[in-house]
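Following: one structure in structure tokens, then a few remarks.
The values are calculated or read from the model by the stated rules, or taken from the named source; none is laboratory data. Remember, predicted model here, so these are calculated numbers, not experimental data. Because the Cβ atoms are built from the backbone with ideal geometry, glycine has one as well, and the counts that use them run over all protein chains shown. For accessibility, only protein heavy atoms count, side chains too; no ligands or nucleic acids. Shrake-Rupley method; radii C 1.70, N 1.55, O 1.52, S 1.80 Å.
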Amino acid sequence: MKCIKGYIIWFLKCIVAGIVAIAILSVFSFFYYNHGIRRTSETGATDYSWENRFHSVGYEGFAWGMNDSYGYNNAYILGENQIDILLMGSSHMNAYNVPQKCSVPYLLNRMIETSDAKYKGGVYNIGMEGHTFYICSDNLKDALETYSPQKYVIMETRSVKLSMERMEEVLNGTRKRTPAFDSGLIYYMQKVPYFCLLHRQIRDMCDLNDASLAENDNDTAEKTDNSNFDNTLENTTLDYNTQLNRYMEKLAKEVNSYNVKLLIFYMPSISINDDGTVGTVGNVQDTAEFASACRDYGIEFLDMSDVFLEDYRQNYELPFGFSNTEAGKGHLNRRGHELVASALFDKIKEIEGK
């Protein structure tokens, strides 16, 4: 009897010790990795948004901030019906890795505010982690319906060599929306900060997180995807250029129906050479084909390749990577956000002839 009682006491001590340990680790994780809890988007403008208001990151860059009431990272407050520019993109535009006032949407808002541009409103950001160019494209109509931008939709892409399979999913409306896991056991486990950090660390070991996806969602990955899918299209009359034009035509029709202009900007991955120089990952011909398809359908295109390379030649700064990560890898850093915001502002001025 005493033996059983001893085992029960030992077991209860283990449970209490575990709870205390998780509580202590969760306090640390709250500030080190409070990335967020997903909730399914009610509007369809994104597959999901963030349920939590406060976010903080210390594993890749150092930043914290407050999401708006809709679950998006916007530090620049706009009034009702004051959205001139809608920004769509991935975790780079979600911008959790830099302070809010160092992000593309905030910097672009400040540039517009201090310029002579006669805008009544500003930039609203719905950038969200995991939202590739295909997901943003698929959600474009709902985003336009929800936010009614007056002038532009700006959309990020990490690749200019698109996947035939993924384009087909968007064109046919068969893409499966990314689950938010906003109910059930997984949802409640996300409310424990340490479990979220542990989950990320496990995914890091398997190379499945956004920092790696940011590198893998480039031209090389898409070429591999295309080669696999080509076998299923060999008996059809479709080729890549035909598919790409159909895709761009769809996007153009959607923005034209709302009387706004679509601006797509391309952020290539950076490669660091042994001699200390840098280059960009991708193929010049692919970029030219993508730009041509945009031009044919009245879509504005901005290639950040030369901007990134010139800044490195002049200032020896890289747009990706942080002091606590590998140089040139992962998400946009402060300098990267500055370069993108400035280039977008210059492109808008060019479009408007200012």
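Could you grab me the full set of residues in segment 115-134 that are among the aliphatic types (A, V, I, L, M) and buried (at least 22 other Cβ atoms within 10 Å of the Cβ)? Correct list: Val123, Ile126, Met128. The condition of being buried (at least 16 other Cβ atoms within 10 Å of the Cβ), of a type in the set (Val, Ile, Thr) and under 18 Å from Ser148 (Cα atoms) holds for only one of Ile85, Ile112, that being Ile85.
Condition (residue is open to solvent by 30 Å² or more (accessible area, probe 1.4 Å), of a type in the set (Ser, Thr, Tyr) and not in a helix (DSSP H, G or I)) applied to segment 50-66: is it met by at least one residue? Checked segment 50-66: at least one residue is open to solvent by 30 Å² or more (accessible area, probe 1.4 Å), of a type in the set (Ser, Thr, Tyr) and not in a helix (DSSP H, G or I). Return yes or no: is Ser137 open to solvent by 10 Å² or more (accessible area, probe 1.4 Å) and over 13 Å from Leu332 (Cβ atoms)? No; evaluated as a whole, the condition is false for this residue. Contact map, segment 110-132: first residue over 21 Å from Gly353 (Cβ atoms), second residue assigned to a strand (DSSP E or B) and of a type in the set (A, V, I, L, M), Cβ cut-off under 6 Å, separation 6 or more or different chains; pairs are Tyr124/Ile83; Tyr124/Leu86; Asn125/Leu87; Ile126/Met88.
Glu129 fulfils the conditions (1) under 16 Å from Thr46 (Cα atoms); (2) modelled with pLDDT of 95 or more except for a single criterion, (2).
Residues in segment 1-26 that are free of Cβ contacts under 8 Å to residues at least 24 places away in the same chain and either part of a strand (DSSP E or B) or within 25 Å of Trp64 (Cβ to Cβ) (or both): Ala21, Ala23, Ile24. Can you work out which of the residues in segment 1-38 that are of a type in the set (Lys, Arg) and open to solvent by 70 Å² or more (accessible area, probe 1.4 Å) is modelled with the highest pLDDT? Among those that are of a type in the set (Lys, Arg) and open to solvent by 70 Å² or more (accessible area, probe 1.4 Å), it is Lys13. When the residues of segment 178-217 are filtered to those that are of a type in the set (A, V, I, L, M, F, W, C), open to solvent by 70 Å² or more (accessible area, probe 1.4 Å) and part of a loop (DSSP other than H, G, I, E, B), the one that is modelled with the lowest pLDDT is Leu208.
Identify all residues within segment 56-82 that are among the polar types (S, T, N, Q), within 18 Å of Arg39 (Cα to Cα) and in contact (Cβ under 8 Å) with a residue 40 or more places away in the chain; write none if there are none. Scanning segment 56-82 gives Asn73, Asn74. Residue count for segment 38-49, restricted to those that are of a type in the set (Gly, Ala, Ser) and not in a loop (DSSP other than H, G, I, E, B): 1.
The residues listed here are Ser69, Ser91, Ser41; of these, the one that is open to solvent by 70 Å² or more (accessible area, probe 1.4 Å), under 21 Å from Leu144 (Cα atoms) and among the small types (Gly, Ala, Ser) is Ser69.
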